[in-house]
1. Simple spin-label model, 7 Å along Cα-to-Cβ: residue 109 to residue 88 in nm?
2. Based solely on its DSSP helices, what 222 nm [θ] is calculated for the chain when runs of n ≥ 4 H residues each add -39,500 (n - 2.57) and the sum is averaged over all residues, nearest 500 deg cm²/dmol?
3. Return the FRET efficiency for the residue pair residue 208, residue 167: r is the Cβ-Cβ distance, R0 is 22 Å, and the value is rounded to the nearest 0.05.
4. Evaluate the distance, in nm, between pseudo-label points positioned 7 Å from the Cα of residue 26 and of residue 49 along their respective Cα→Cβ axes.
5. Roughly what angle does helix 9-19 make with the longest principal axis of the chain, taking Cα atoms, 0 to 90 degrees, to the nearest 10?
6. List the relative contact order of the chain as a percent without decimals, with contacts defined as Cα pairs under 8 Å and 6+ residues apart.
7. Can you give the FRET efficiency for residue 141 and residue 58, using 1/(1 + (r/R0)^6), R0 = 25 Å, r = Cβ-Cβ distance, to the nearest 0.05?
8. Does the stretch 139-234 classify as rounded, prolate or oblate by the C-alpha gyration tensor (a ≥ b ≥ c root eigenvalues; a/c under 1.5 gives rounded; else a/b over b/c gives prolate, otherwise oblate)?
C-alpha cells in the first residue's frame, strides 16, 4: 500500500495563509459626468482600521490637500504609513468626462478594503469618493457607483483661485480655463457643515464676465453618482 500523505492542521493553516497573502485585482474608474474633470486618482487597498475619509467627520489635512487642490501627496503618505497598496494617478493627470483609467494591483495580506478619491473640478473642495469598500474574495467583476462629497474645509464661492489648502477659490487647470467665467462676486449662502458630506453641486450662472459664480451652469452642474468603479478580482 502506498503511504498516505497527511497534512497536519498547522500545515493546512500555513498553506491557506500563503494562498490568501495576495489578491490580483484591476481597478477602473470612469468619469460619468457631463463637464467635470477628476484630478489624479488615488485607489488605495488598506486594512479595515484605516480610512481616507469618513462621512460626518472632519476632513484630515491630507484629504483637505486633495479636495482643495487635487494633490494626492498626502494621501500617498498616509497609504505608505499604513502599509497599504496603492494605484496612483492611473490617468496620468486629469480624467475627462466619460473617460476611463485603470491600474493593476497585487494586494498584500491584511489589506482588504478599497478606498478611492479624486478632486472634482470645478469645485472648491469637492471630491468623488469610495470609503472602505470590502474587496470580494471570489474572482469576478464588481461595480460600484461613487458620489461626490464636500470636504467641509472651504466655502463654495465658485470663484477662480489657486487651490492652495486654506485659501479661497478653485484651481483652474488648462482644460477648464476657457470654460469658466471671470469676475464673479461669489455664491452666497451659509457653508456651515464643516464635516465631510454629500456635495450640494455647483450652482453656477450663465455669465462669463460677471455674475455670482465663475462656473458655467450649463456645463458644470451635476447630480450623483459622478463616477463608476469597476473592480476585477482574479
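1. 2.6
2. Numbers: 3 runs with 29 residues, N = 234.
It comes out at -3500 deg cm²/dmol, rounded to the nearest 500.
3. Values: r = 23 Å, r/R0 = 1.06.
Working from the Cβ atoms, E equals 0.40.
4. For the pair residue 26/residue 49, the computed spacing is 3.5 nm.
5. Taking the Cα atoms of the chain, the angle to 9-19 is about 30 degrees.
6. Values: 591 pairs, mean separation 60.0, N = 234.
Relative contact order of the chain: 26 percent.
7. On the way: r = 35 Å, r/R0 = 1.41.
Result of the calculation: an efficiency of 0.10.
8. On the way: a/c = 2.30, a/b = 1.77, b/c = 1.30.
Here the stretch 139-234 falls in the prolate category.
Every number in this text was worked out from the coordinates using simple rules, so none of it is lab data. Nothing here was measured: the structure is a model prediction, and the numbers come from that model. Virtual Cβ from ideal backbone geometry, glycine too; neighbours counted across all protein chains shown.
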